[in-house]
Amino acid sequence: GDGRLLYAGVELWSKPRRVGVCESVDDGQSWRWLADIPARPGDDPAQYHELHGVACEDGRLVVHIRNHNKANNRETLQTESSDGGKSWSVPRATAVWGLPSFLLRLRDGRLLMTYGHRRAPFGNQARVSPDGGRTWSEPVVISGDGIGGDLGYPSTVELADGTLLTVWYEVMEGSPRAVLRQARWRLTI
């Protein structure tokens, strides 16, 4: 609500590689590094990828991280900021196997994460948090009919009628290239 844009990601062009958050106060015309996201003890931050963040109703920021470290490999990690992104908590494991995560704050204030599930059932899943990311529900299967793990990167929006629309890429049997798929669905939890 303060007019800033925040981007959580990886500064690939720096040595050492930085993981953190940038901000823009001019609608994306220019960006400045705001803060590093610390690594967990024993983690190599070079194994943190494809971050995505959301603002909670209470103003806290929640960021998910695709993790390829040995500890919690391919599980989503979560870090949070309660000071507008100036400082971040040490990432914690969410026990959600799947990647990468897309975060959305629903109109009712709950958080929704959608993510590719690259083992059987191959597809995309979602989880809901009623408490600003402190806890996450059991998985909801959005799609589970994939032929393999070459799929995912879901993006989800909430439509005016309360249904959700999720779009992702997927390699289909007999198709020389990946296709875009979509599902219109409703949360029942």
* **Solvent-accessible area per residue, Å², over the chain with all protein chains present [probe radius 1.4 Å]** => 52 Å²
* Between Arg177 and Tyr7, what length in nm is gained on full extension when 0.36 nm per residue of separation is reduced by their alpha carbon distance? -> 58.2 nm
* Pair Trp31, Arg18: separation of 7 Å Cα→Cβ label points (nm) -> 1.2 nm
* To do: Determine one quarter of the surface area of the Cα convex hull of segment 15-57, which equals its mean projected area, and express it in nm² to one decimal.
  => 4.5 nm²
* With springs only between Cα atoms under 10 Å apart, run a GNM on the chain and tell me which of Asp27, Asp161, Asp36 wobbles the most. => Asp161
* What are the radius of gyration and Dmax of segment 74-178, computed over its Cα atoms and given in Å? -> 14.9, 50
* Over the chain, with every protein chain in place, what whole percent of the accessible area is carbon and sulfur at 1.4 Å, could you tell me? => 53 percent
* **Net +/- balance of residues flanking Ile142 in space, Cβ distance below 13 Å, scoring K and R +1, D and E -1** => +2
* **Zero-based 5 Å bins, Cα pair distances in the chain, whole percents** => 1, 8, 16, 19, 19, 17, 12, 6, 2, 0
* To do: Just need the relative contact order of the chain here, percent rounded to a whole number, with Cα pairs under 8 Å and 6+ apart.
  => 12 percent
* To do: Can you find, among Gly20, Ser30, Gly85, the residue farthest towards the positive end of the dipole of segment 1-144? Put +1 on the C-beta of Lys and Arg, -1 on that of Asp and Glu.
  => Gly20
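The values are calculated or read from the model by the stated rules, or taken from the named source; none is laboratory data. All values reported here derive from a predicted model rather than from experimental measurement. Here Cβ is always computed from backbone atoms with ideal geometry, including for glycine, and neighbour counts include all displayed protein chains. Only protein heavy atoms, including side chains, enter the accessible area calculation; ligands, DNA and RNA are left aside. Shrake-Rupley method; radii C 1.70, N 1.55, O 1.52, S 1.80 Å.
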